[in-house]
Amino acid sequence: MKGFGVHTSMWTMHWDRDGAERTIPATAAYGMDFVEIALLDTSIVDAAHTRALLEKHELRAVCSLGLPEGSWPSVAPEAAVAHLKDVFETAAAMGAEAVSGVTYGGIGQRSGVPPTEEEYDNVARALQQAAAYAKRLGLAFGIEPVNRYENHLINTAWQARDMIEKVGSDNIFIHLDTYHMNIEEKGVANGILDARDHLRYIHLSESDRGTPGEGCCDWNEVFGTLSAIGFEGGMAMESFINMPPQIAYGLAVWRPVADSFEDVMDRGLPFLRNKARQYRLA
Ligand code: LER
Ligand code: MN
């Protein structure tokens, strides 16, 4: 993964033929290098159709998801591996480079008590099997720490690093998100430095999930630290404009995060591109 991308939440969270047809040409028209496809329901996906559209518009793709209840690796590792294998097959058939996100649990999964060693052992075992399957399909496999209100297992870059070292597979990587780091890290630089050797992907997401540059994320710290570690991975703008209710619930997004789609694409995206350029990341 390399360059600048955008999450499909800008256009759709429903990846059927119609969603793909609306999203891929629009993403290409904004000059993106890749699109991040939310792969929440593989049964509605026409992978060959997506692949053809990606090729036509010369776009690369990364897929992301959070696991549904019933397939949470800490409590149901076998079901988690089965779910991830199905996602990997669809992602590979589309021609995606990686599958990432809350691949170690659910968005909104919380046990109500601190994580146990048994939960982490189950997660590590499931991720190890999943990573091996992803590798056979030529996919990289990411884990995205999210804030404490969305999941109780992996909230910081350091915890993600611990998990990756426990799993030990060479195609697994850390995927950070500025929104979550702004809540959980003692400074965004700390998160990036902790992830460092394993960091291959980052969500550029404002403190309120709205228009980048108009919240309280410290973007100079974000891009300055990425530049200092020689980051060469993918940077995906993530702003939740298009939210079906079941996703909004997990993310706790209860009001529009920006006045319009144009606010994010026409003001937020140039802001991020300029910052990346300022710090010699683009
Ligand atoms: C969820 O909060 C999030 O940041 C998404 O990227 C999860 O995949
Ligand atoms: Mn994210």
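The values are calculated or read from the model by the stated rules, or taken from the named source; none is laboratory data. Owing to the predicted nature of the structure, the values given are computational and were not obtained by experimental measurement. We place every Cβ from the backbone using ideal geometry, glycine too, and count neighbours over all the protein chains shown. Quick note on the areas: whole protein, heavy atoms, side chains included, nothing else; ligands and nucleic acids left out. Shrake-Rupley method; radii C 1.70, N 1.55, O 1.52, S 1.80 Å.
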How large is the Kirkwood hydrodynamic radius of the chain, counting all unique pairs of alpha carbons, in Å?
18.5 Å
Please work out, to two decimal places, the log10 of the ratio I(q)/I(0) at q = 0.13, 0.16, 0.21 Å⁻¹ from a Debye calculation in which every Cα of the range 138-243 carries one identical scatterer.
-0.43, -0.66, -1.12
Most to least accessible of Arg22, Arg161, Arg255 (protein chains only, probe 1.4 Å):
Arg255, Arg22, Arg161
For the range 155-208 and the range 1-67, what is the centre-to-centre distance using only Cα atoms, to the nearest Å?
23 Å
Find the eigenvalues of the gyration tensor of the Cα atoms of the range 1-76, then list the square roots of 5 times those eigenvalues as equivalent ellipsoid semi-axes, largest first, in whole angstrom.
24, 14, 10
Of all accessible heavy-atom area on the range 31-81, the percent that carbon and sulfur account for (1.4 Å)
50 percent
Of the listed links Lys166/Lys275; Lys85/Lys186; Lys166/Lys186; Lys186/Lys275; Lys135/Lys166, those spanning more than 26 angstrom between alpha carbons are Lys166/Lys275; Lys85/Lys186
Relative contact order as a percentage, the chain, C-alpha pairs under 8 Å and 6+ apart, gives 18 percent
Computed over the chain, protein heavy atoms only, probe 1.4 angstrom, the accessible area per residue in square angstrom equals 41 Å²
Taking the alpha-carbon distance from Lys2 and a cut-off under 13 Å, which aspartates and glutamates remain once sequence neighbours fewer than 8 residues away in the same chain are dropped?
Asp33, Glu36, Glu97, Glu232
For the range 219-235, in order, what is each residue's ³J(HN,Hα) by Karplus, 6.51 cos²θ - 1.76 cosθ + 1.60 with θ = phi - 60°, in whole Hz (x at glycine and Pro)?
6, 5, 5, 4, 6, x, 6, 4, 5, 5, 8, x, 4, 10, x, x, 10
Computed over the range 53-187: relative contact order in percent, which uses C-alpha pairs under 8 Å that are six or more apart
24 percent
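Quick one: with all protein chains in place, what share of the accessible area of the range 126-282 is carbon or sulfur, to the nearest percent (1.4 Å probe)? Intermediate results must be reported in sequence, preceding the final value.
Details: 3090 of 6680 Å².
So the carbon and sulfur contribution to the accessible surface is 46 percent.
What longest range of the chain stays clear of loop-exposed GluC sites (Glu not before Pro) (DSSP non-H/G/I/E/B, at most 15 other C-beta within 10 angstrom)?
In the chain, the maximal stretch lacking such sites is 70-231.
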Compute and list, largest first, the equivalent-ellipsoid semi-axes of the range 24-176 from the alpha carbon gyration tensor, each √(5λ) rounded to a whole angstrom.
28, 15, 14
